[in-house]
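> Okay, handing you the structure first.
The values are calculated or read from the model by the stated rules, or taken from the named source; none is laboratory data. The shown structure was predicted, so the numbers you read here are calculated from the model rather than taken from an experiment. Note that we place each Cβ from the backbone using ideal geometry, even for glycine, and neighbour counts take in every protein chain shown. Just the protein is used for accessible areas: all its heavy atoms, side chains included, with ligands, DNA and RNA removed. Shrake-Rupley method; radii C 1.70, N 1.55, O 1.52, S 1.80 Å.
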Amino acid sequence: MTKVIVDGKEIDVPPEYTLLQACEAAGAEIPRFCFHERLSIAGNCRMCLIEVVGIPKPQASCAMGVKDLPPNKDGSPKTLNTKTPMVKKAREGVMEFLLINHPLDCPICDQGGECDLQDQAMAYGVDASRYQENKRAVEDKYIGPLVKTIMTRCIHCTRCIRFSTEVAGVPELGAIGRGEDMEITTYLEHAMTSELQSNVVDLCPVGALTSKPYAFAARPWELNKTQSVDVMDAVGSAIRIDTRGREVMRILPRANEDVNEEWISDKTRHVVDGLRTQRLDQPYVRVNGRLQSASWAEAFSNVVRKARATTGKRIGAIIGDLAGAEEMFAIKDLLGRFSSANVDARQDGSAIDPRWGRASYLFNATIAGIEQADALLIIGANPRREAAVLNARIRKRWRAGNFPIGLIGEKADLTYSYDYLGAGAETLADLGSSKFADALKAAERPLVLVGAGVFARKDGAAVASLAAKAAIELGALKDGWNGFSVLHTAASRVAALDLGLVPGAGGLDAAQMAAGGLDVLFLLGADEIEVAPGPFVVYIGTHGDRGAHRADVILPGAAYPEKSTIYVNTEGRVQMANRAAFPPGDAREDWAILRALSDALGHKLPYDSLGTLRQAMFAAHPHLMRIDHIAAGDAADIKKLAKLGGTPEKAHLRPSVADFYFTNPIARASAIMAECSALAHAATKTAAE
């Protein structure tokens with residue numbers, strides 16, 4: 001540790017700290033535009049100038065380290081001043097230069113009210129300008145459907161360039177020209193293709209880059225802000241949902257070091273318009289082949305009539321990818337009262353079974369644990385499509401160096417280099433004899449990442465057993481380290497497996513139920529499976545997607561911003577999604593629909609409130625009450641999985657997500673996601689040609 005004196009206060013700081021970090025550790029406030037904790041240091045805005053006693057000129061505190069300070073002759077600690085007249089004058093001068101070419105757009109700028117330049121001009125600037133010449137003007141650039149550019153406002157902090165290059169790993173933004181002719185642009189002004197591109201809007205300290213879909217929609221002080229979690233994938237990114245009245249206006253990231261740091265994917269951020277489109281806002285009943293609007297009583301009576309005409313063993317339920325823990329617990333309870341074992345949350349046909357043990361389906365290394373790993377084997381996954389934020393964490397570890405990565409499965413355009421080992425399960429079986437296996441065995445904490453697509457094959461159990469066997473042989477299971485990690489893509493999957501939503505003794509799985517083996521089939525937001533003619537289908541969901549088209553009765557439910565519910569992410573972290581808005585029209589929360597329906601069916605569920613439902617769920621599954629905690633799996637489960645055995649097929653291992661932008665009914669209802677998907681397909685086609 002090194003002693004420094006900041007504004008008269010003596011503190012100890014690590015020598016690798018920058019002066020900016022040292023000053024902030026002492027409680028001083030240092031303005032900045034170009035500096036960001038998660039990006040490399042550029043040192044080009046000069047707003048963070050401070051006085052270092054003994055050095056005649058102000059110093060950029062972001063670009064000088066504590067260890068770079070020249071020692072005092074008498075050995076006393078160096079003195080740093082952040083409030084002296086020299087510092088005040090220097091910051092006023094820098095602010096004056098920054099505002100020389102900046103237009104007075106504040107009344108019409110989307111950044112207004114949450115703009116760093118506004119705030120710091122008030123705090124550190126002067127009240128008049130001496131600049132009388134014409135301001136510089138820059139032509140706006142097209143960089144895609146998500147990010148709007150007003151480049152005359154740009155102050156050349158280069159945060160967007162550094163993010164695209166370093167974090168997103170798709171270096172599409174750069175600077176052309178020099179001096180006052182410098183401009184930030186994409187090469188050849190094409191659309192950005194990164195799945196994380198919209199994070200540059202949060203990083204931009206001025207209004208040069210703003211959200212194109214959100215343009216001129218609302219001011220920040222008009223919005224109610226609710227903390228929640230994302231369900232577009234199984235990472236469980238921390239988000240903030242901003243609403244005005246009953247309408248969700250935008251979604252922004254929240255910082256969570258253990259999960260998403262402070263990034264979110266473009267799908268997470270811009271799926272907002274899908275929450276308003278093709279919504280189910282009243283019950284429907286199919287009459288003479290056509291769906292007609294009905295009252296709740298009429299819809300329930302149709303369900304009751306069909307349910308009473310059959311036996312409990314001919315009733316089943318398939319659970320969708322966006323369902324919360326409470327409604328999944330309620331529907332399992334309801335089917336149990338019919339003595340039905342026909343319940344399955346694996347609509348993709350996954351072979352994962354909770355009877356294998358919890359460690360067999362968790363991302364055991366944890367998302368933050370990726371940074372402690374020193375080798376990575378990816379099996380049948382494309383992390384860039386399946387979990388864009390987690391992929392950024394892998395890239396972060398790769399950039400730190402000494403991190404060999406191998407891939408078995410379909411070749412993918414990832415944001416880091418890797419050794420391609422092969423496409424099929426036979427490569428996994430022969431992995432021990434490969435050169436890459438030596439790198440894994442030499443690693444102290446190897447990570448074996450198994451994609452959800454591996455389990456969704458007919459031979460899923462056999463391939464999963466091979467992967468577990470490889471993880472054991474390569475040293476991924478050690479004291480204090482479990483490197484066997486399953487990357488799920490469905491937000492509901494881990495909670496469903498924890499709750500045991502798989503067929504019981506004699507029960508049918510999702511594929512068998514969808515093939516027509518039942519009389520009454522409940523779809524709880526299940527839209528990724530095709531149901532054959534035959535069963536009477538009751539769809540509880542939010543959008544007019546595949547499940548609603550097949551339904552005989554539609555009971556409109558609540559989307560994830562419209563209900564308070566628990567999710568469990570791919571690493572087993574229990575997370576709470578808070579209600580930010582209310583469902584449209586006559587739609588209701590899913591657990592409340594099931595509670596009312598159970599009464600009509602004569603099998604009344606014993607909870608009249610969300611609180612009592614949670615009490616029953618927590619009594620049966622105590623780990624779900626520990627919000628933001630991970631109940632770790634037992635490494636012995638991996639050994640049991642390895643002993644399953646089986647003969648895998650020769651088909652290539654494929655990732656479970658084909659189109660990043662169309663993975664659920666909310667995303668498919670979004671016009672913005674449709675535009676992004678079309679651009680992504682066009683870019684892929686052009687690259688192939």
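> Mind grabbing the base-10 log of I(q)/I(0) for the chain at q = 0.10 Å⁻¹? Debye formula, identical points on the C-alpha positions, no solvent, two decimal places.
-1.01
> Let me check I have the definition right: for the range 583-689, take the eigenvalues of the Cα gyration tensor, multiply each by 5, take square roots. What are those semi-axes in whole Å, largest first?
38, 30, 15
> May I pose another question? As a check on your grasp of the helix formula, calculate [θ] at 222 nm for the chain: sum -39500 (n - 2.57) over DSSP H runs of n ≥ 4, divide by the residue count, round to the nearest 500.
-7500 deg cm²/dmol
> Consider a paramagnetic label point 7 Å from the Cα of residue 53 along Cα→Cβ; state which residues of the range 84-111 have an amide N under 16 Å from it.
84-87
> For an R0 of 45 angstrom, estimate the FRET efficiency from the Cβ-Cβ distance between residue 40 and residue 615 and round to the nearest 0.05.
Given R0 = 45 Å and the Cβ-Cβ separation, E is 0.35.
> Along the charge dipole of the range 567-681, Cβ charges K/R +1 and D/E -1, which of 647, 622, 585 sits furthest on the positive end?
Sorting the options by dipole projection puts first 647.
> Taking only the Cα atoms of the range 374-454, how large is their convex hull per residue, in Å³?
83 Å³
> Restricting to DSSP loop positions (anything but H, G, I, E, B) with no more than 14 other Cβ atoms inside 10 Å of their own Cβ, which GluC sites (Glu not before Pro) remain in the range 443-544?
444, 530
> Here is a further query. Report Rg/Rh for the range 542-631, rounded to two decimals, where Rg is the Cα radius of gyration and Rh the Kirkwood radius.
1.01
> On a straight-distance basis, which lysines could pair with residue 441 in a cross-link, Cα separation under 17 angstrom, same-chain partners fewer than 8 positions away excluded?
469, 478
> At 1.4 Å probe size, put 663, 647, 612, 243 in order of accessible surface, largest to smallest.
647, 612, 663, 243
> Report, in debye and to the nearest 20, how large the dipole of the chain comes out about its Cα centre when Lys and Arg carry +1 and Asp and Glu carry -1 on their Cβ.
Computed charge dipole of the chain: roughly 780 debye.
> If I take every Cα pair under 8 Å that is 6 or more residues apart in the range 44-107, average their sequence separation and divide by the length, what percent do I get for the relative contact order?
37 percent
> Please state the relative contact order of the range 189-264 as a whole percent: Cα pairs under 8 Å, 6+ residues apart?
Once divided by the residue count of the range 189-264, the mean separation gives 22 percent.
> While we're here: So if I take the alpha carbon set of the range 93-235, get Rg, then get Rh from the Kirkwood formula, what is the Rg over Rh ratio?
Using only Cα positions, Rg/Rh for the range 93-235 is 0.98.
> Highest mean first, what order results for 109-117, 92-100 on Cβ atoms within 10 Å?
109-117, 92-100
> Using the scaling law 2.2 N^0.38 Å as the reference, what is the normalised Cα Rg of the range 460-518?
Here the answer is 1.52, to two decimals.
> I would also like to ask the following. Any chance you could list P(r) for the range 13-136, counting all Cα-Cα pairs in 10 angstrom bins from zero, rounded to whole %?
12, 39, 31, 14, 4, 0
> Just subtract the alpha-carbon distance of residue 181 and residue 10 from 0.36 nm times their residue separation and send over the number in nm, one decimal.
Difference between extended and current length: 57.1 nm.
> What is the distance, in nm, between label points placed 7 Å from the Cα along the Cα-to-Cβ direction at residue 132 and at residue 276?
According to this spin-label approximation, the distance is 4.8 nm.
> A follow-up question, please. Step by step: find N for the range 211-312, compute 2.2 N^0.38 Å, then divide the Cα radius of gyration by it. What's the final number?
1.55
> Turning to a different aspect of this structure: Would you mind calculating the relative contact order of the range 408-557 from Cα pairs under 8 angstrom and at least 6 residues apart, reporting the percent as a whole number?
13 percent
> Which pairs in the list 411/640; 57/89; 9/73; 57/78; 458/643; 396/458 are over 23 Å apart, alpha-carbon to alpha-carbon?
411/640; 396/458
> In degrees between 0 and 90, to the nearest 10, how far off the longest principal axis of the chain does helix 85-99 point, with axes built from Cα atoms?
On a 0 to 90 degree scale, this one is about 60.
> Also, quick follow-up: Taking the Cα centre of the range 409-465 as origin, sum charge times position over the Cβ atoms of Lys and Arg (+1) and Asp and Glu (-1), and report the length of that vector in debye to the nearest 20.
So the magnitude is around 120 debye.
> Given a 1.4 Å probe and every protein chain left where it sits, what share in percent of the accessible area of the range 89-223 is carbon and sulfur?
C and S atoms contribute 56 percent here.
> Packing-wise, with mean Cβ within 10 Å as the measure, how do 388-401, 46-59 rank, highest first?
The peptides rank, most packed first, as 388-401, 46-59.
> Can you tell me which of 191-198, 128-135, 677-684 comes out highest on packing, and rank the rest after it, using the mean Cβ neighbours within 10 Å?
191-198, 677-684, 128-135
> After finding the eigenvalues of the alpha carbon gyration tensor for the range 342-399, what semi-axes result from the square roots of 5 times each, listed largest first in whole Å?
Value: 26, 14, 9 Å, ordered largest first.
> Nearest 5 percent is fine: what portion of the DSSP beta bridges confined to the chain is antiparallel?
55 percent
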